[in-house]
Structure formats: C-alpha cells, structure tokens
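Accompanying notes for the structure given below.
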Amino acid sequence: MPLPRHVFLGAIAVAAAAVGSALAWDVFQYGGATATKAADDVYSSAVPLAAALMCGLASRASQGRARLSWALLAVSAFVWGLGSVTWYYFDVVAGQPVPFPSLADAGFLLAVPFAIAGLMLYSSASSRTTSQLRTLLDGSIIAGALLFVSWATVLGPSYSHATGGGMEKAVGLAYPITDIVMGSIVLLLLPRASRRSRVALLLVGGGILANTVSDSVFTYLQLANSYSGISNAVDAGWVLGYAMVGLGALWAAIHPSTLRQDDERITRVDAFMPYGLVAVAGVVAVTAIIRNGTLEQFLLWNGLLIVVLLVVRQLLTIMEDLALNHTLEARVERRTAELGEREERFRALVQNSSDAITITDTELRIVYQSPSIERVFGYQPVEVVNRLLSELIHEDDRSAMRALIDNVRVRPGATAHLDARWLHHDGSWRQCEMAIANLLEDPAVKGLVINTRDITDRKALEEQLAHQAFHDSLTGIANRALFKDRLQQSLARAARRQEKPAILFLDLDGFKTINDSLGHAAGDELLALVAGRLRPFVRTGDTMARLGGDEFAILLEDTEEVSASIRVAERIIEALKEPFPLKQQEVFISASIGI
C-alpha cells in the first residue's frame, strides 16, 4: 500500500537534520574526541540501517522487478550497516584502533554486489540478446572510462604512495572501484528510467556519488595511514549517501512502479554517453602524456580495454541495425500484404454489396460511385460521377431529400434515413431506402456518404400483403375487416353531419343449390360475377364487401333519406335477375336485401 506523501517531506527534514548534525559533530567535536567518535559511529550505523528499512518499505509497495530491486538494495544497506556496527564495536566498545582490513571492510564490500544487482534490475533493456549485450558493454565502457580518469587523477597517485601491504592496497582500492561500477550503472540507467522511477534513481544515484567521494577520500587516507575517524567529513559523506538512498526508497514507496522486462527506453543521451566519457578519458590521457611523457602500465591496459569494448560495441550496433532493418523490412512487407488484402476485401465488399454507395460534396454533386450501382440501377459508375444527385431522384421526393441533407450537413458524423424513388437506367422508377452519413470532416472521405438500397420488390410485397389482409381473395372487393373499419369511420363522420350512412346487407337465394349441383368452382365463379354486377351501383367513396359465403354488404355514405337506399336496393335486385353465364349455360339467381 503506497505511503502518504507528507511522510516524504518529514523524512527529508529528518535526513537533513541527521546529515547536518553528523557534519557539525565531526567538525566541532562536541563532548571531546571520545564522544565525537561514538556519535560518528552511531550516525554511520543508524542511517544505513534506516535506509535498509526504507528500501524494505519500497519493496513492499512495489510490484514486479521493482519489488526485487528494492529488496536487494535493502540487503545492501543492511550489510553496510552491519559493517558500520562492527566498526563501532572496535572503535568504541573495544576501544582499540580498527584494523585495516577488518570484518567491517567485509561488510562494506559485501554490500556492493547486492547494490549492483538491485541497480541492474532498474534496467529497462529489451529481452533481445543483442540489446542486453549492448547494455553490458555500455556499462563496462562507462566504468572503464571513469576508472581511467579516477586512476589518472586520484587512485594512481594514492596507490603509488601507499605505505601498506598488498592486501591493504587491494582492499583500499576496492572501495572506489566498486563505487565507480555502481556510478556507471546509475549513469547508464538514468536516461532509460521512467519518469516516476527516475526521481528515486536520482536520489539513489546521488547517494552512491556521495559514497564514492567518501570512499575515495577514505582510500586516500587509509593508504596514507592518516585516517583517524575523528574530525573527518568523509563519515558525514557516508551518512549523506545513505540518507539519499533512504529518501529514494521512500519516494518509491509513495510512488510505486512496476518495472517490466520488455520496456526499452533508448534515448540520445543513453546512446552517446559512453562516447562522451571516453572522450573525457582521452583528454585526461593526452594531459598525462604531455605532463609525464608517457602513460603508466595500468592506464595503457585500461585504455586498450576501452578501445576493444568500443569496437565490440560498434560491431554489436551494426548487428542491431542490420537486425532492425531486417525486422522493419519484414514488418513493412507484412503490413503491405495486409493492406493489400484489406483493399481487396474492401473492393470485393463494395462491388458485391447490395447497396449502391455514393459520395457527394456539399452541393450534392457525385464525386464517387461504387461499381455496385450497375447491378442496382443499371448505370456504369462513370455515367453518374459529376452529376447532381437530385437528377436521379423523383421530383416529388427532392424537397424532402434536400431538407434532410441540409439538416445532416451541419452536424458532423450525423446520420439520417429517407425513402425516395431513384431513376433506373431503363427509365423506370425504383423505390429505394437511403442512409445518409455526414463524413465531411473525415480526411479519408470528405463528403456525404449515401448508401442506397432498392426496396421496390419489398414494397410491392408489403402492398400485396396489405391488400390481401383487407380484401377478399375470390372477388377482389373489401373483406369483413376492411368493411368494419370503413363503417367505424363513417359512423364517426355521421356524428358531425346531417347525412347518415346506410348499409345494404345482401344474401343470395338458391346459392347452395348451385354450389351442390355445379360444384364449388362454379359457385366461386358465380360469386365473382355477382361482385362484378354490383360494382356499378357503388359510388366513389362507398364500400362494397363480401362478408363470407354468399353474403355481401354495401356501405352507402351520406344518404339524405331512406328512399335513396331503397332505390339502390331495387336496382340491384333488378340487375341480379339477368342470367349469369356459367359453364356454357345460363344460371338465374335472386337476392334478399336488408337495409
């Protein structure tokens, strides 16, 4: 669980107080030499152990590789703190000079591999082998260049003037050399670190730099046999170093991050840093040659190693470039093939679409027409391109289309639907369904996209089904459902008028006899003939219907008097007296009518 941010501000204040008091005690020696020595050793032990605790908190708050990284840094700080406790035992408890080297040095130096392992886990290098090798080479080149500069300026003279034995010199030099390695790792990782983890790495790197300076001074004093542990600011440098490490860990605990193996952040600084440090080493080498006339043996071998590493790095870079070019070429080929497949798929979909896809400008001039228009409306695409869309729309539907498009045109991304009639190439009008989309702001389209589908057959089927639902299939006149609907409407109108509707209910007499003697087919034919003979007596606006069997009904709208209905009924009876030609014979039938 991340820590509150105000904890970090409090920790800064505590660290500043610890470093300031340690430095003041070393300089002013409060309470005398013994008290100063004890306080110095307490600070040098307590701060690294506190840093180990902070690193443990950062490990607990982090995830992935970051958790293991901070755990290793916690072990490093803890081991260094144990070394300082051992120093305290010799210096204060036992009251004897601390031997060099001693068990304390074992703790100090043992902290280094844990710190290096923890820092290396901050690496965001790719999982590819060449990238990992390049990272390793970059770190080695940086460390070699820093060691070259350090040896030419401080370590070399200190080693040559040292009074101790071989073991003392080796242990003494191990401090700055290991610090140079850790400093190199920090320099290498800083450009690659994410923004959130960079702050923590800067604090840890600053702490390592402070430790490097202190270790270099400590090495110089030890090799010169002049380190006393009293009034030496070098101890305050270690306190400062581990205080910064603790602050870096606390920052990571407040801002936890996850380091992933496949994150790769290669910047210009990261790429050119090894060459810059090598250039600095070259300047130092030239200065040493001018001053001394030659380079000592260690610097010669160190310089040769740097040159070899640079050559290997350059070869590895060339290999990476070749691999990258191959990868890019393969990717381009793959993407080109994918684009080709998508283009073919899109072309096939457009050409075989049941819709005609049209793109127009704001003036409704056609700028693109899909090939499917030939199958839908019989045109070649070139026949309609540059024509106004309104030329293809029925004049009765143009105003509705313009109003709809004017509404869509001012709303980017808007869509609308419209039913309109399109002019077919053969001159007929086709009933169509249009879907209009405003893609004027789409850089790939820059127009109004209209999908048009021919629904003439569907409309005809709908009209046929609607007709069948309200008309008698045998006679073609209205059925009971339509008659009932018309009657309800007529009654509603009659409530507002003086004229009233009238219903003639007609039943054929003797129809069953004809049906039984001549058959049902003859009966059906007779019903159709009766319906045809009744039509002249039905005015426009009146309704004639077959209610079922041999029953018919006629709805007379707006009759002023009953006598008018009676006259219609009498004319119908007279008309039905005429014979009906049926199966090469004449059939007579009568009817009964109720009003």
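Note on the stretch 388-398: among residues that are under 20 Å from Lys446 (Cα atoms) and of a type in the set (A, V, I, L, M), the one that is modelled with the highest pLDDT is Leu388.
Residues checked against (1) at pLDDT 90 or above; (2) open to solvent by less than 40 Å² (accessible area, probe 1.4 Å); (3) in a strand (DSSP E or B):
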{"position": "Asn386", "(1), (2), (3)": "yes, no, no"}
{"position": "Ala400", "(1), (2), (3)": "no, no, no"}
{"position": "Val408", "(1), (2), (3)": "no, yes, no"}
{"position": "Leu418", "(1), (2), (3)": "no, yes, yes"}
{"position": "Trp422", "(1), (2), (3)": "no, yes, yes"}
{"position": "Arg430", "(1), (2), (3)": "no, no, yes"}
{"position": "Pro443", "(1), (2), (3)": "no, no, no"}
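For Trp80, the stated conditions do not hold, so it cannot be described as buried (at least 21 other Cβ atoms within 10 Å of the Cβ), closer than 20 Å to Leu309 by Cβ, more than 43 Å from the chain's Cα centre (by Cα) and modelled with pLDDT of 70 or more. For residues in the stretch 251-306 being open to solvent by less than 60 Å² (accessible area, probe 1.4 Å) and in contact with a strand residue (DSSP E or B) (Cβ under 9 Å, 6 or more places away or on another chain), which is modelled with the highest pLDDT? Out of the qualifying residues, it is Pro256.
Among the residues of the stretch 453-469, is there at least one that is open to solvent by less than 30 Å² (accessible area, probe 1.4 Å) and of a type in the set (Gly, Ala, Ser)? Checked against the condition, which is being open to solvent by less than 30 Å² (accessible area, probe 1.4 Å) and of a type in the set (Gly, Ala, Ser), the stretch 453-469 yields no hits at all. All of His424, His471 fail the test of being of a type outside the set (D, E, K, R) and over 21 Å from Asp355 (Cβ atoms), apart from His471. Here Val367 does not qualify as over 30 Å from Val449 (Cα atoms), outside any loop (DSSP other than H, G, I, E, B), at pLDDT 85 or above and among the aliphatic types (A, V, I, L, M). Only residues that are in contact (Cβ under 8 Å) with a residue 24 or more places away in the chain and either part of a helix (DSSP H, G or I) or closer than 23 Å to Gln431 by Cα (or both) were counted across the stretch 461-491, and they come to 6. The residues on offer are Leu146, Leu136, Leu103, Leu121, and the sole one that is surrounded by fewer than 18 Cβ atoms within 10 Å (Cβ to Cβ) and at pLDDT 70 or above is Leu103.
Only residues that are open to solvent by 100 Å² or more (accessible area, probe 1.4 Å) and of a type in the set (A, V, I, L, M) were counted across the stretch 324-341, and they come to 1.
When Leu73, Leu53, Leu109 are checked against the criterion of being closer than 22 Å to Ile185 by Cβ and either open to solvent by 30 Å² or more (accessible area, probe 1.4 Å) or at pLDDT below 75 (or both), a single residue qualifies: Leu109.
Restricting Arg60, Arg5, Arg67 to those that are of a type outside the set (Asp, Glu), open to solvent by 60 Å² or more (accessible area, probe 1.4 Å) and modelled with pLDDT under 65 reduces the list to Arg5.
The values are calculated or read from the model by the stated rules, or taken from the named source; none is laboratory data. Here the structure is a predicted model, which means the values were calculated and not measured. Note that we place each Cβ from the backbone using ideal geometry, even for glycine, and neighbour counts take in every protein chain shown. Quick note on the areas: whole protein, heavy atoms, side chains included, nothing else; ligands and nucleic acids left out. Shrake-Rupley method; radii C 1.70, N 1.55, O 1.52, S 1.80 Å.
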